[in-house]
Amino acid sequence: MYNFFVVLHIISAGVIIGLITTSILGHSMRKKVKGTMAELGSIRGAAIMAPVMANIGSIGLLLTGVVTTIMQYNSSFFGFSTLPWLAMMQTDYVVIMAISGAIMMPRGKKILALANAELAGPNAPKGASEELRSLVNKQHTMTMVLAVLVFIAIYLGESKSLMWVGAR
């Protein structure tokens, strides 16, 4: 049963990595269609897809992380003295979720509402407004910050054998 949850955990991490990859590719593609209606469509599509992928990945990581921690380490949450790699990874996850909930989600909702309004407006053929572009660029920058935190979590998970303290 433990292996099943580990596989689900890895798949959930893959969804998050896919979201980061999609964000990077979408950002570069959006530059190519700047000033066209396709720019608005691209922004709207990303604003719809990103929260779905983020929810699937983060909920999957949370549930499988809790289950595997309980199964493997007997409920050792934030055990800096016993499992430093796991405690650092859990802290990293909490920071990621705090940034996502406090910054990414509200801004994402604003981006989607603005993109929908601009698509329905008379200036849609001219592409996104500077306000919308600014919001999207800020969102992309924060996504890259979160990407660094995600890769730190992956490194911690993969480096557990290098840490000096093990489970007791």
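Within the bounds of the range 45-57, is there any residue that is farther than 23 Å from residue 151 by Cα, in contact with an Asp or Glu (Cβ under 7 Å, 6 or more places away or on another chain) and hydrophobic (A, V, I, L, M, F, W, C)?
no
Could you go through the range 116-133 and let me know if any residue there is in contact with a Lys or Arg (Cβ under 7 Å, 6 or more places away or on another chain), assigned to a helix (DSSP H, G or I) and modelled with pLDDT of 95 or more.
Looking for residues that are in contact with a Lys or Arg (Cβ under 7 Å, 6 or more places away or on another chain), assigned to a helix (DSSP H, G or I) and modelled with pLDDT of 95 or more, one finds at least one in the range 116-133, hence yes.
Among 91, 64, 69, which is the only one that is out of contact with any Cys (no Cβ under 6 Å at 6 or more places or on another chain), free of Cβ contacts under 8 Å to residues at least 24 places away in the same chain, assigned to a helix (DSSP H, G or I) and surrounded by 18 or more Cβ atoms within 10 Å (Cβ to Cβ)?
69
Quick one: residue 143 ticks every box in (1) surrounded by 15 or more Cβ atoms within 10 Å (Cβ to Cβ); (2) out of contact with any helix residue (DSSP H, G or I) (no Cβ under 7 Å at 6 or more places or on another chain); (3) hydroxyl-bearing (Ser, Thr, Tyr) except a single one, so which number is it?
With (1) surrounded by 15 or more Cβ atoms within 10 Å (Cβ to Cβ); (2) out of contact with any helix residue (DSSP H, G or I) (no Cβ under 7 Å at 6 or more places or on another chain); (3) hydroxyl-bearing (Ser, Thr, Tyr) applied to residue 143, the lone miss is (2).
Would you confirm whether any residue within the range 138-152 is at pLDDT 95 or above, among the polar types (S, T, N, Q), more than 17 Å from residue 45 (Cα to Cα) and part of a helix (DSSP H, G or I)?
Scanning the range 138-152 turns up at least one residue that is at pLDDT 95 or above, among the polar types (S, T, N, Q), more than 17 Å from residue 45 (Cα to Cα) and part of a helix (DSSP H, G or I).
Does residue 42 satisfy the criteria of being modelled with pLDDT under 95 and polar (S, T, N, Q)?
So residue 42 does not fit the description; no.
Criterion first (of a type in the set (Gly, Ala, Ser), surrounded by 14 or more Cβ atoms within 10 Å (Cβ to Cβ), assigned to a helix (DSSP H, G or I) and in contact with a Lys or Arg (Cβ under 6 Å, 6 or more places away or on another chain)) does residue 42 satisfy it?
yes
Does any residue of the range 139-154 turn out to be farther than 21 Å from residue 49 by Cβ and more than 16 Å from the chain's Cα centre (by Cα)?
No, because not a single residue in the range 139-154 is farther than 21 Å from residue 49 by Cβ and more than 16 Å from the chain's Cα centre (by Cα).
The values are calculated or read from the model by the stated rules, or taken from the named source; none is laboratory data. None of these values were measured; they are calculated from a predicted model. Note that we place each Cβ from the backbone using ideal geometry, even for glycine, and neighbour counts take in every protein chain shown.
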